[in-house]
Every structure is written in structure tokens, then in C-alpha cells.
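Student: Sharing a structure here in C-alpha cells format.
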Amino acid sequence: MVKICCIGAGYVGGPTMAMIALKCPDIEVVVVDISKPRIAAWNSDDLPIYEPGLDEVVKECKDRNLYFSTEVEKHVAEADIVFVSVNTPTKTRGLGAGKAADLTYWESAARMIADVSKSDKIVVEKSTVPVKTAEAIEKILTHNNNKGISFQILSNPEFLAEGTAMADLDKPDRVLIGGRETPAGQKAVAALKAVYAHWVPEDRIITTNLWSAELSKLAANAFLAQRISSINAMSALCESTGAEVNEVAYAVGKDSRIGPKFLNASVGFGGSCFQKDILNLVYICECNGLLEVAHYWKQVISINDYQKSRFIKRVVSSMFNTVSGKKIAVLGFAFKKDTGDTRETPAIDVCHGLLGDKALLSIYDPQVTEEQIKRDLAMNKFDWDHPQHLQPQSPTAFKQVSVVWDAYEACKDAHGICVITEWDEFKKLDYQKIYDNMQKPAFLFDGRNVLNVEEMRKIGFVVYSIGTPLDSWVKDLQVSI
Ligand code: UDX
Ligand code: ADP
């Protein structure tokens, strides 16, 4: 029986290994992590991450051929294939601070693998890493190996998106495996291919060299983020010209060369990958002297930051240029719907902007806990991607912020509402009831274009929706943005 061990029981490691276990009953899969609470949660009925469809798969496979454990070294030693899916934060100090990936966790995992291994291993890079990381890891493994063990390193980037992870894993657009072009390297590629071939059609399994695989992941995320920044840039122009961004996106997306996906204008993209991967790409370009290319990709992030600050300015300027002492309901805190993940969520920047103007926030998200929200709002930029035990604790009191468990409660007596995450339930709320219980004039700022602007205006709200013609009210009060 082939044994797989995955180091890192996070958003990537957990769902991916659950799917491998489901599709490959002949393979034993053990997911290990240094975080005891995380492993305890995987072993309980209350999984540490919310992902539609994940519970069922874990239930079916756990203790059959899927295990979660903190005995990292033991399971790594026993495995034939070791996936590494640990954190790769952005460096906050030293060379490349604010851009380069901090490979501390990766390096320590590699040293541990070299240390405990007694048999040949295929080591699979699963977390997104800068191009040439595999080569560095290979050096660590071979230079710390005096037992004659063969280590083959592969790059097998994950393309799942949160909220749809299980469907993405079940029917991936492609599986990408990069390896060395040596006979041993190709043998390792074939071994990993055989795992995926249990359920993925062969023509969807792409094999490349190591560096192409590593770069493809950064490139795919950069292209996707670029589409969002492109439509968001258009949304600003729509607001100024009276065009409607959804209509523009629809018309543009009908061109089969462009396609309709990833053209939803929003308050900005978030998530653990887009910004981090583009910063990485920018850093690699700079290191290779490709300053124009670096500058080009940096603009994708600049527009994203602009979009978030534009939203904050719209809120403050519409509300008579101050939100000081005013209650503002924040609906949604996760970086997108159907996940409880808040990494790099635009909600953090929007909340910081409003808190900076002394607003009183009442936040509701169906999947994010009060503890997480307060921890996020207290955290420094880039500090989020460290194993939980290193993260700062939430402060004892956050006088301007309350977290509630119901959208109606969040909106009660509020002066304004900001919709930050496109949860389906926000489309179905009784907005008449919400309006009746708010201060007047009642403001509604839709950062996801999920509400029917005309209907909301009929109820009486002053509405701002990204990329749609402005209310005369909002227009009259705008400062330059
Ligand atoms: C992304 C990639 O899609 C995935 O392939 C990769 O493996 C990891 O990074 P993820 O971050 O989980 O996945 O979610 P995604 O659906 O890509 O959304 C990222 C952000 O962009 C979210 O904040 C989302 O709300 C935003 N978004 C997405 C938009 O603002 N508009 C869109 O049209 C699409
Ligand atoms: P991703 O979204 O890429 O899955 P996460 O932050 O959700 O990232 O998961 C990474 C996991 O890796 C965390 O649970 C963390 O505790 C774990 N981890 C980090 N370093 C190590 C290590 N050396 N050994 C085992 N687990 C580790």
C-alpha cells in the first residue's frame, strides 16, 4: 500500500488529502501538523475549516484510509510520498521585506524530512512558493542526507478555490506536475500521476519541468487577479460616466476570447494567494532585473488597494464627510462567500478605514467568529500567515467594534450598511424591515453588487453600488477619489 503523508493540515492540505483518500482507497493518507488544536479539530465533528462538501468526505474516509496526527516525524518517516503544504508568509523584515516569501517553515520541514527519513521519498511542493524553491529544497535534502536515500522533488501546485474546493478537486481543470527531466525525476512524476489518475482523466494531468510548474501557479493567480483589477478599474470609470459595470462585464465577457468568469467588480480581491503570489512574482522579476515586468504586475495590487480606499472614501464622504460616532453595520467579513477564511479579506482594510474615522462597527458574518475578527483587526500587515500559535492574541477590548450573530441585529439603529462579502443570505434579507430600524437617511454601500439598486432606492435607502451610476446624493457629496 502506498503511503502518503501531508505536512500542514490547512486549507490546502486538508481538503486535498481528503479527496485523495476518497478517490484512492488503496492509498493510506496521513495529514500531520504541529498545531495540536488544528489536528484535534480535524479529528472532531467540528472541522477547523468550513468548506461545502468537506464534512461528508472526511466522515467517509477518516479512520478508513485518512488520518490526522501531530506525530509529524513518525508519519513522514513511514511515507513514500510527502506533500508539503506549510505556510509561506510574506517576509516582514530583512531582504525582500514586504514582497519575498518567507521560507522558514518550508526549510524547517525540509530539514526535518532529511533528518527522519530512512527510505526513498518523493517530496511534493504543494504550497505556492517562488520559482526555484524546489531547487533550494533539493539542496537541503541532498546535503543533509548521509544515509544514501534518494529524494525526488516535485512541484504540484494546487489550483482549488475556497468555497468550491471539493468540486475543484473532484473535477480539476488540470493537475500540474513538475519534475526533474532525469530518469529518476520522471519516475517520480509517473508515481504522482498514478495517484491522480485514480479519478482525473489523463489528458488533464499536465507534466512539465520543475520551474514551469512553479511559475505557472504564480502566473495563473496573477492573471486571475489581473482580471479583477481590470474590471475594478472600469468600475471607477463607470461611476464617473454613468455606465453600468455589470453591463460592461457582460458585454465584454461574451467575447469568447475573453470569457465571462472573474469579471465581477468588487470592493477588492482578498484571500491568501492573490496578493502574496503577485508580490512574489514582482520580487522575482526585480531580482532578475526585469523592472518593467515587475512594475506591470505591481499595478494589479495598486488598483486593488485603490478600490478598497475608494470604497471607504465613498462611505465617509456620502455620510456628510464623517462617520465619527456613527454605527455602521458590516455585513460579511470573510474574503468571499462560502468560506470562513479571512486572510487578506478586504473587510479588514474597510474596517480599518472606517475605524480610523472613528465609526462604531457592528460586524456580522455567518462563518467568522468574534475572536477571529478581533484578531484580524489587531494584526499587522502580513502577520496572518504564521502558524496559529505565533499570531498575536486579540486585545481584551475593542471599544469601537462589536460582533453580532445576526444581520438584523448588526443593522439595528445603524446609519449605514456596508456589504463586504457576497453571502447568499444577504440577498434574501428583509431590507424594508432593516430600513425601518435604521437612522435616517439610511445608507447602503454594496461592495459586491449583490443587491437590486432600484428596489433598495424604492425602499428609501441612499445607495452606492460598485460601478453603478451614483445616487445624486452620493454624487453631490463626493470628494475627489
Ligand atoms: C484563488 C485561485 O482562484 C485558486 O485557483 C488558487 O489555488 C488560490 O487562489 P481563492 O483565493 O480561494 O482562489 O478564491 P477566488 O475565487 O479566486 O477569489 C479570490 C478573491 O477574488 C476573492 O476575494 C473574491 O471575492 C474576489 N473576486 C473573484 C472578485 O472580486 N471578483 C471576481 O470576479 C472573482
Ligand atoms: P494553506 O492555505 O496553504 O493550506 P494554512 O495556513 O491553512 O495554509 O496551513 C498551513 C499549516 O501548516 C498550518 O496548520 C501550520 O500549523 C502547518 N505547519 C507549518 N509549519 C509546519 C511544520 N514544520 N510541520 C508541520 N506543520 C506545519
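Since every read-out is calculated from the coordinates, none of them should be taken as a lab result. For clarity, every value in this text was computed on a predicted model and none was experimentally measured. Methodologically, a virtual Cβ is constructed for each residue, glycine included, from the backbone with ideal geometry; neighbour enumeration extends over all protein chains shown.
Student: What would the Debye equation give as log₁₀ I(q)/I(0) for the chain at q = 0.08, 0.09, 0.10, 0.11 Å⁻¹, counting only Cα atoms as equal point scatterers?
Tutor: Calculated log10 I(q)/I(0) at the listed q: -0.52, -0.65, -0.79, -0.94.
Student: Right, another one. Starting at the first residue of the stretch 45-56, write each ³J(HN,Hα) from the Karplus equation 6.51 cos²θ - 1.76 cosθ + 1.60 with θ = phi - 60°, in whole Hz, x for Gly and Pro.
Tutor: 8, 10, 4, x, 10, 9, 8, x, x, 6, 3, 4
Student: Return the whole-Å distance between the Cα centroid of the stretch 48-91 and the Cα centroid of the stretch 236-273.
Tutor: 37
Student: Relative to the longest principal axis of the chain, what angle (0 to 90°, nearest 10) does the C-alpha long axis of helix 133-143 take?
Tutor: Roughly 30 degrees between the two axes.
Student: What are the equivalent ellipsoid semi-axes of the stretch 222-477, built from the alpha-carbon gyration tensor (square roots of five times its eigenvalues), in whole angstrom, biggest first?
Tutor: Taking √(5λ) for each eigenvalue gives 29, 25, 16 Å, largest first.
Student: What FRET efficiency, computed as 1/(1 + (r/R0)^6) with R0 = 25 Å and r the Cβ-Cβ distance, is obtained for residue 240 and residue 454, rounded to the nearest 0.05?
Tutor: It comes to 0.75.
Student: Sort 464, 50 so that the residue with the fewest other Cβ atoms within 10 Å of its own Cβ comes first and the one with the most comes last.
Tutor: Ascending Cβ contact count within 10 Å gives the list 50, 464.
Student: Sticking with the crude label model, points 7 Å out along Cα→Cβ, report the distance from residue 256 to residue 190 in nm, one decimal please.
Tutor: The answer from the label model is 3.9 nm.
Student: Now for a separate question. Going highest first, how would you order 199-212, 333-346 by mean Cβ packing within 10 Å? Working shown, then result.
Tutor: Values: 199-212: 14.9, 333-346: 23.5.
So the peptides 199-212, 333-346, ranked by packing, come out 333-346, 199-212.
Student: Quick one: work out the % antiparallel among DSSP beta bridges in the chain, nearest 5.
Tutor: Percentage antiparallel, nearest 5: 5.
Student: Let me ask something additional. Please compute the net charge surrounding residue 355, taking Lys and Arg as +1 and Asp and Glu as -1 over other residues with Cβ under 13 Å from its Cβ.
Tutor: +2
Student: Along the Cα→Cβ direction, 7 angstrom out, place labels at residue 381 and residue 223. What is the inter-label distance in nm?
Tutor: For residue 381 paired with residue 223, the spin-label model returns 2.9 nm.
Student: Using a Förster radius of 22 Å, what is the FRET efficiency between residue 291 and residue 136 based on their Cβ-Cβ separation? Nearest 0.05, please.
Tutor: Values: r = 24 Å, r/R0 = 1.09.
Here the calculated transfer efficiency is 0.35.
Student: Something else now. So what's the stretch 2-200 giving for Rg/Rh, alpha carbon basis, Kirkwood Rh from the mean inverse pair distance?
Tutor: Working: Rg = 16.1 Å, Rh = 17.1 Å.
Radius of gyration relative to Kirkwood radius: 0.95.
Student: Using Cα pairs closer than 8 Å and at least 6 residues apart in sequence, work out the relative contact order for the chain, in percent.
Tutor: 13
Student: Could you give the nm distance between label points at residue 211 and residue 358, where each point is 7 Å from its Cα heading toward the beta carbon?
Tutor: 5.6
Student: Give me 78, 371 ranked fewest to most by other Cβ atoms within 10 Å of their Cβ, as a rough exposure proxy.
Tutor: 371, 78
Student: Next up: Summing -39500 (n - 2.57) over the DSSP H runs of n ≥ 4 in the chain and dividing by its residue number, what mean residue ellipticity at 222 nm do you reach, to the nearest 500 deg cm²/dmol?
Tutor: When only DSSP H runs of four or more count, the value is -13000 deg cm²/dmol.
Student: Right, next: I need the peptides 175-187, 213-225 ranked by packing, meaning the mean over residues of other C-beta atoms within 10 angstrom, with the highest value on top.
Tutor: 213-225, 175-187
Student: Still on this structure: Helix 13-23 against the longest principal axis of the chain: what's the angle in degrees, Cα atoms only, rounded to the nearest 10?
Tutor: 60
Student: Of the lysine pairs in the stretch 126-202, how many meet both conditions: Cα atoms under 23 Å apart, and a spacing of 8 or more in sequence or different chains?
Tutor: Total qualifying Lys-Lys pairs in the stretch 126-202 comes to 10.
Student: Ok, one more. Cut-off is 10 Å between beta-carbons; in what order do 42, 297 appear when sorted fewest neighbours first? Don't skip to the end; give the middle numbers.
Tutor: Working: 42 25, 297 22.
Result, fewest neighbours first: 297, 42.
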